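Q: Below are the structure tokens for one structure; questions will follow.
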Amino acid sequence: MASKLHLITYGCQMNEYDSERVAGLLREREYELTDDEREADVILVNTCAIREKAEDKVYSRLGQLKELKAARPDLVIGVMGCMAQLQQEQVRRRAPSVDLVFGSPAIARVGELVERARRERRPILDTAEAPLVKITAKPASADRLKAFVTVMEGCEKHCTFCVVPRTRGRERSHSPESIVAEVEGLVAEGCREVTLLGQTVNAYGRDLTPLTDLAELFQRVNDVAGLARIRFTTSNPYNLTPKLIRAMRDVPKVCEWFHLPLQSGSDQILEAMNRGYTRARYLELVDALRQAEPALAFSTDIIVGFPGETEADFAATVETVEQVGYDNVFVFRYSRRPGTPAADMPNQVDEAVKADRNRRLLTVVERVTGARSGLLAGRTMEVLVDGTSRKSAGELSGRTRCNRVVNFDGQGQVALGDVVPVLVTEVLPHSLRGALATPEEAVCSSR
Ligand code: 5AD
């Protein structure tokens, strides 16, 4: 009988991608995925170290799993991902029921590691550096309309708050050929949209020979027949070149949605974060991007309560959010990460102050994003149909190119995976409602 694997994934899209690969690799070894942890022979927890809260969640989950293990000593529990890479010893100490700890470089060897942990019945640690490989195992859920594709690993930006350079290592790009092959494989299984992933995705290719970049990769991925849309994340303003801006405008399948972390609107704080740009430079880039592509929607990440952040610094952030007019904003309270420069900076901000700024910023965000949503009423937009509405099964659901969820009545007329024009009839707080439009209507309206 096949062994059963239960996967628990925390953190970013890259982790989701890695979990899919792990499931794919283990499926080649006759492991079947199960949603029920109680029937699993192997449980793998893919972890995130970006903020302390993410780590706390993992430890509390591992605490729950300890009881399963007590009842079934044969169960193998593994911890992978960023926490595994960073704190293998602590994981072993705080969660002694864990049998296997491995970092992202070891993912390609997951089959062998799991087998060893089951056979040898002693803790196995593998967080050694290893060359980057593109795993060709098919993802576990191959029949999806949308998929992530990792194009590069690691980050060398060394933002002072961030643990990623220590968890994911140096920047290493996958070859364009291997990426295109992966996209072709996904499209052959029915995939219509890919999101190209990298911690600093717009630094793609500068470590490759011959040298290449994200703009050139867009073109190559665009040429994959049957693919409808390309998204990419996460970009750093520092590496944003005019060539990339032109490619975002000119490569047809690249969507009008751009995640461009601001982190702070204060020049002093940006400097202390080592972000490599000023607020004025960021706004200049936003202008250039909007000029190239007026329909572009922006989303961003912001940290409140970075060491030394004053009320004036915070006010500058609020003002920048209003100026840019984001479609979506993720707000985080600064979290001290051991081993990062900001963790040792003086003037750490009180948790109560962080919570207060977090709350105040979210109020502004709601107003700003709400205003952006309002602009969409009455527009006919291209929607990739990807499911049924969460609230009413009779309705179809999809996303616009600018990444908005639209629910509309189109049962029997369109199929999952279709790209159709939808007239936005109602703007709700977290989604749009629409009506199927005729293709002629779509031609004369904005994307
Ligand atoms: N504390 C709070 N937020 C952080 N981020 C990264 N490091 C930290 C930290 N130490 C946020 C940044 C980044 C997002 C993925 O997580 O905003 O863009």
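The values are calculated or read from the model by the stated rules, or taken from the named source; none is laboratory data. Only a predicted model underlies this, so the values are computations on that prediction, with no experimental measurement involved. Glycine also receives a Cβ, built like all others from the backbone with ideal geometry; neighbour counts cover every protein chain displayed. Keep in mind that these areas ignore ligands, DNA and RNA; they rest on the heavy atoms of the full protein, side chains included. Shrake-Rupley method; radii C 1.70, N 1.55, O 1.52, S 1.80 Å.
Q: Mind checking whether some residue in the range 310-324 is hydrophobic (A, V, I, L, M, F, W, C) and in contact with an Asp or Glu (Cβ under 6 Å, 6 or more places away or on another chain)?
A: Scanning the range 310-324 turns up no residue that is hydrophobic (A, V, I, L, M, F, W, C) and in contact with an Asp or Glu (Cβ under 6 Å, 6 or more places away or on another chain).
Q: Only residues that are more than 16 Å from the ligand (Cβ to nearest atom), under 26 Å from residue 400 (Cβ atoms) and open to solvent by 10 Å² or more (accessible area, probe 1.4 Å): list them for the range 284-313, please.
A: 287, 288, 290, 291, 292, 293, 294, 295
Q: Related question: Considering only residues of the range 314-326 that are surrounded by fewer than 22 Cβ atoms within 10 Å (Cβ to Cβ) and not aliphatic (A, V, I, L, M), which is farthest from residue 381 (Cα to Cα)?
A: Residue satisfying both the conditions and the ranking: 319.
Q: For the list (1) closer than 28 Å to residue 321 by Cβ; (2) in contact with a Gly (Cβ under 8 Å, 6 or more places away or on another chain); (3) polar (S, T, N, Q); (4) at pLDDT below 95, I need the number of the one condition that residue 407 fails.
A: (4)
Q: Continuing with this model, one more query. Consider only pairs whose beta carbons are under 6 Å apart and that are at least six residues apart or on different chains; among these, list those whose first residue lies in the range 31-42 and is over 8 Å from residue 6 (Cα atoms) and whose second residue is in a loop (DSSP other than H, G, I, E, B).
A: Cβ pairs passing all conditions: 32/2.
Q: Also, I was wondering about something else. Mind listing whichever residues of the range 318-360 are within 12 Å of the ligand (Cβ to nearest atom), under 20 Å from residue 261 (Cα atoms) and of a type outside the set (A, V, I, L, M, F, W, C)?
A: 333, 334, 335, 336, 337, 340, 341, 354, 358
Q: Quick check on my filter: what residues within the range 140-174 are within 14 Å of the chain's Cα centre (by Cα) and among the hydrophobic types (A, V, I, L, M, F, W, C)?
A: Matches in the range 140-174: 147, 148, 149, 151, 152, 164.
Q: Among the residues of the range 389-400, are any in contact with a Leu (Cβ under 9 Å, 6 or more places away or on another chain) and in a loop (DSSP other than H, G, I, E, B)?
A: Just the residues of the range 389-400 that are in contact with a Leu (Cβ under 9 Å, 6 or more places away or on another chain), to begin with: 389, 396, 398-400.
Filter once more, keeping what is in a loop (DSSP other than H, G, I, E, B): 389.
Yes, the range 389-400 contains at least one residue that is in contact with a Leu (Cβ under 9 Å, 6 or more places away or on another chain) and in a loop (DSSP other than H, G, I, E, B).
Q: Let me ask something else. If a residue has to be away from the ligand (no atom under 16 Å from the Cβ) and either open to solvent by 60 Å² or more (accessible area, probe 1.4 Å) or in a loop (DSSP other than H, G, I, E, B) (or both) to count, how many in the range 123-163 make the cut?
A: Adding up the residues that qualify gives 23.
Q: Quick one: residue 238 ticks every box in (1) of a type outside the set (S, T, N, Q); (2) surrounded by 19 or more Cβ atoms within 10 Å (Cβ to Cβ); (3) within 16 Å of the ligand (Cβ to nearest atom) except a single one, so which number is it?
A: (2)
Q: Next question. For the condition open to solvent by 20 Å² or more (accessible area, probe 1.4 Å) and away from the ligand (no atom under 16 Å from the Cβ), what is the one hit in 120, 171, 193?
A: Matching residue, one of 120, 171, 193: 120.
Q: Being of a type in the set (S, T, N, Q) and touching a residue at least 60 places away in the same chain (Cβ under 8 Å) is the requirement here; does residue 340 meet it?
A: Yes: the conditions hold for residue 340.
Q: From the list 109, 170, which one is outside any loop (DSSP other than H, G, I, E, B) and on the phi < 0 side of the Ramachandran plot? Break it down stepwise before answering.
A: Values: 170 fails: outside any loop (DSSP other than H, G, I, E, B).
Of 109, 170, the one residue that is outside any loop (DSSP other than H, G, I, E, B) and on the phi < 0 side of the Ramachandran plot is 109.
Q: Moving on. Restricting to the range 216-235, count the residues that are of a type outside the set (A, V, I, L, M, F, W, C), away from the ligand (no atom under 13 Å from the Cβ), touching a strand residue (DSSP E or B) at 6+ places or on another chain (Cβ under 8 Å) and not in a helix (DSSP H, G or I). If you could, list the steps in order and put the result at the bottom.
A: Quick first cut of the range 216-235, residues of a type outside the set (A, V, I, L, M, F, W, C) only: 216, 219-220, 222-223, 226, 229, 231, 233-235.
Still in the list and also away from the ligand (no atom under 13 Å from the Cβ): 216, 219-220, 222-223, 226, 229, 231.
Right, trim to touching a strand residue (DSSP E or B) at 6+ places or on another chain (Cβ under 8 Å) and you get 222, 229, 231.
Still in the list and also not in a helix (DSSP H, G or I): 229, 231.
Number satisfying all stated conditions: 2.
Q: Of all residues being of a type in the set (A, V, I, L, M, F, W, C) and under 11 Å from residue 138 (Cβ atoms) in the range 178-190, which is most open to solvent (accessible area, probe 1.4 Å)? Just the residue, please. Quick ask: steps written out before the conclusion?
A: Step one: filter the range 178-190 for residues of a type in the set (A, V, I, L, M, F, W, C), giving 179-181, 183, 186-188.
Add one more test, that the residue is under 11 Å from residue 138 (Cβ atoms), and what stays is 186, 188.
On the way: 186: 13, 188: 87 Å².
The selected residue is 188.
Q: Quick one: which strands (runs of 3 or more DSSP E) sit completely within the range 1-101 and have at least 2 residues that are of a type in the set (S, T, N, Q), under 26 Å from residue 162 (Cα atoms) and open to solvent by less than 20 Å² (accessible area, probe 1.4 Å)?
A: Of the strands (runs of 3 or more DSSP E) lying wholly inside the range 1-101, those with at least 2 residues that are of a type in the set (S, T, N, Q), under 26 Å from residue 162 (Cα atoms) and open to solvent by less than 20 Å² (accessible area, probe 1.4 Å) span 42-47.
Q: Could you identify the single residue in 376, 416, 384 that is assigned to a strand (DSSP E or B) and either surrounded by 19 or more Cβ atoms within 10 Å (Cβ to Cβ) or not basic (Lys, Arg) (or both)?
A: 384
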